[in-house]
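**Q** Quick one: this structure, given as structure tokens, is what I'll be asking you about.
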Amino acid sequence: MFKIGCLILLACLAVTGCRTMPVRNVPLESYDPDYGYRYRNIAPGESDSDSLLLILTFSGGGTRAAALSYGVLCVLRDTTIFLDGQTRSLLDETDVISSVSGGSLTAAYYGLFGDRIFQEFQERVLYRDIQGGLVRSLLSPGNFFRLLSPFYGRTDLMADNFNQRFFDHKTYGDLLEKNSRPYIIINTTDMSRGSRIGFTQGLFDLFYSDLSAYPIGNAVAASAAFPGLLAPTTLINHPKPETFIPPEWVTLEQSRPASIIPDDPTYYLDKGHPYIHVVDGGVSDNLGLLPIIMGMDGRFSDDKIAMAAPDKTPDKIIIITVNAAGSTEESWDLKAGLPGLVNTLLAAGTTPLGNFSQAQIGYMRQQIAYHNNLREIRKEVEKQATAQGVTIHVPALETNDSDYHFIEVSFDQLPCREEREQLSQIPTNFRLPRKEVDRICGAAKTILENNPDFQALLDTLQPTESDGP
């Protein structure tokens, strides 16, 4: 009888496991283009000036990326600038953070808790053995039957851990209620299409889904779900009522000529795609730069970066990309023997992503140089025309008056070769010794102190003689 009872109990537990359902994105009660977590619904901070738009992007790369991103936040906090007649912290000017994978831990924590990050984040997140905690959860008898469910996977378990240990079960509704920038864009990848999926209400409108109820920990876990090691996260593309009219930006996007980033938002309006399975955001964009590139490319979206200053064009637009990529130098070229299967597969998976990241950085530099040069040419043409009493309009010279700055933060900018090589070879897992975490955090200061682009920016943000004492 005892054996029969045990078998019955196991069968019941197995059935319970098969019925286990993870958190899912809920449908909208009704569509309102002004509702939810959108850039225009998030107010600037008290010290945030309209004359400067600061955008940060945090790359993937496990705890290594989270630590480097955190180190950059520390440097920005300690960087004093002079703006609008006042002395400010550069960090207070942050308007947007776009993040991927490990960088999403830092972005989400700062977005939710603000300056608390400087008291809590290292002990609570960076020094924690996240990887070991997940393994222990996987081996826990209480989770064994949950994982038997075809709907509940390893990423869902990691999301539960994130919600409980890091994010206090906060949701996007809490971010919206906080109502203070920076606006956080956590990025994932649609496994079917290879396109970027950002956790914003603007995109969730296409799923007819209310992002406000979605837990932050689930979004971060989805952003860090490296294919193969972790399972995809499933989002529901809810049925749209007959009265649903697609957002205006979708119609505008369809009217555009071909873009450098092919994408069709109407894909998610098709009834033939009831589920979206998303994986690590690094698969489509490991730098978190695509939303910014799309804005500069003229792409329409609900959260287009141009909305950052509806009443005034900012004097400066600053984009700081934290790139925690490791060394691309390998020792295979020194050996006659064939690389092993694991190394070959890793190279096949990571090398194209690294090349794409470098192409993104090159494109950003090119676009910003083009814009700044065009602005100066237009000003000179207008100056000459005014001197001759002529009014002139040249469509080819149209651009805004903002002064653009792009700054990349990466290990290969460290002046010490030994430090550069050691830090770039730190694994991209979620378990690092405290000493290595501290070295990475400290490296951010060294990098920015020696970064000519960052130092040139700071020179433009200091008081001049005309500003007075």
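Rule-based calculations on the coordinates, nothing more; no lab input. For clarity, every value in this text was computed on a predicted model and none was experimentally measured. Counting neighbours? That spans all protein chains shown, and the Cβs are built from the backbone with ideal geometry, glycine included.
**Q** Could you state the orientation-averaged shadow area of the convex hull built on the Cα atoms of region 31-153, in nm² to one decimal?
**A** Values: hull surface 43.0 nm².
Approximately 10.7 nm², given one-decimal rounding.
**Q** Quote the FRET efficiency, to the nearest 0.05, computed for LEU374 versus THR243 with a Förster distance R0 of 60 Å and r equal to the Cβ-Cβ distance. Walk me through the intermediate numbers first.
**A** Details: r = 44 Å, r/R0 = 0.73.
With a Förster radius of 60 Å, E is 0.85.
**Q** Suppose the chain between GLN367 and ARG193 were pulled fully straight at 0.36 nm per residue; how much longer would it get relative to their current alpha carbon spacing? Spell out each step's value before the answer.
**A** Working: separation 174, 0.36 × 174 = 62.64 nm, distance 2.67 nm.
Contour length minus Cα-Cα distance gives 60.0 nm.
**Q** Calculate the spin-label point distance for THR87 paired with GLN455, positioning each point 7 Å from the Cα along the beta-carbon direction, and give it in nanometres.
**A** If labels sit at GLN455 and THR87, their model points lie 2.3 nm apart.
**Q** Also, I was wondering about something else. What is region 407-451 by shape, rounded, prolate or oblate, if you read a ≥ b ≥ c off the alpha carbon gyration tensor as root eigenvalues and call it rounded for a/c under 1.5, prolate for a/b larger than b/c, and oblate otherwise? Provide the component values of the computation, followed by the final result.
**A** Numbers: a/c = 1.89, a/b = 1.69, b/c = 1.12.
Prolate shape, in that a/c is at least 1.5 and a/b is the bigger ratio.
**Q** Which shape class applies to region 130-195: rounded if a/c is under 1.5, otherwise prolate when a/b exceeds b/c and oblate if not, where a ≥ b ≥ c are the square roots of the Cα gyration tensor eigenvalues? List each step's numbers first, then the result.
**A** Numbers: a/c = 2.50, a/b = 1.50, b/c = 1.67.
The shape class here is oblate.
**Q** Expressed in whole Å with the largest first, what are the equivalent ellipsoid semi-axes of region 64-134 derived from the C-alpha gyration tensor as the square root of 5 times each eigenvalue? Don't skip to the answer; put the middle values down first.
**A** Details: eigenvalues 138, 27, 18 Å².
Output for region 64-134: semi-axes of 26, 12, 10 Å.
**Q** Considering the Cα trace of region 119-255, what is its radius of gyration and what is Dmax, both in angstroms?
**A** Cα-based Rg and Dmax for region 119-255 come out at 16.9, 54 Å.
**Q** Let me ask something else about it. Relative contact order of region 375-469: what whole-number percent is it, with Cα pairs under 8 angstrom and at least 6 residues apart? Please list the in-between numbers first.
**A** Working: 44 pairs, mean separation 24.8, N = 95.
Computed over region 375-469, the figure is 26 percent.
**Q** For region 153-230, just run the numbers: alpha carbon Rg, then divide by 2.2 N^0.38 Å, N being how many residues it has. Spell out each step's value before the answer.
**A** Details: Rg = 12.7 Å, N = 78, 2.2 N^0.38 = 11.5 Å.
Compactness ratio reported: 1.10.
**Q** What is the calculated FRET efficiency for ARG434 to PHE151, with r their C-beta to C-beta distance and R₀ = 51 Å, to the nearest 0.05?
**A** Details: r = 37 Å, r/R0 = 0.73.
It comes out at approximately 0.85.
**Q** Measure of size requested: the Rg and Dmax of region 184-288, with Cα atoms as the atom set and Å as the unit; please supply both.
**A** 13.7, 41
**Q** Projecting each Cα onto the charge dipole of region 156-238 (Lys/Arg +1, Asp/Glu -1 at the beta carbon, about the Cα centre), which of TYR214, ASN179, LEU235 comes out farthest on the positive side?
**A** Farthest along the dipole direction, towards plus: ASN179.
**Q** Rounded to the nearest 0.05, what FRET efficiency is calculated for TYR267 and THR446 with R0 set to 60 Å and r the Cβ-Cβ distance?
**A** Working: r = 44 Å, r/R0 = 0.74.
E between TYR267 and THR446, to the nearest 0.05, is 0.85.
**Q** Turning to a different aspect of this structure: Taking the highest mean first, how do the peptides 362-375, 282-295, 188-201 order by number of other beta carbon atoms within 10 angstrom per residue?
**A** On the way: 362-375: 14.4, 282-295: 24.6, 188-201: 21.6.
Most protected by this proxy first, the peptides run 282-295, 188-201, 362-375.
**Q** Grab the Cα-Cα distance for LYS335 and PHE118, subtract it from 0.36 nm times how many residues apart they are, and report the gain in nm with one decimal. Could you put the intermediate results ahead of the total?
**A** Values: separation 217, 0.36 × 217 = 78.12 nm, distance 4.55 nm.
Taking LYS335 through PHE118 to full extension adds about 73.6 nm, to one decimal.
**Q** Classify region 28-81 as rounded, prolate or oblate, taking a ≥ b ≥ c as the square roots of the eigenvalues of its Cα gyration tensor: rounded when a/c is under 1.5, otherwise prolate if a/b is larger than b/c and oblate if not. Walk me through the intermediate numbers first.
**A** Values: a/c = 3.63, a/b = 1.44, b/c = 2.52.
Oblate.
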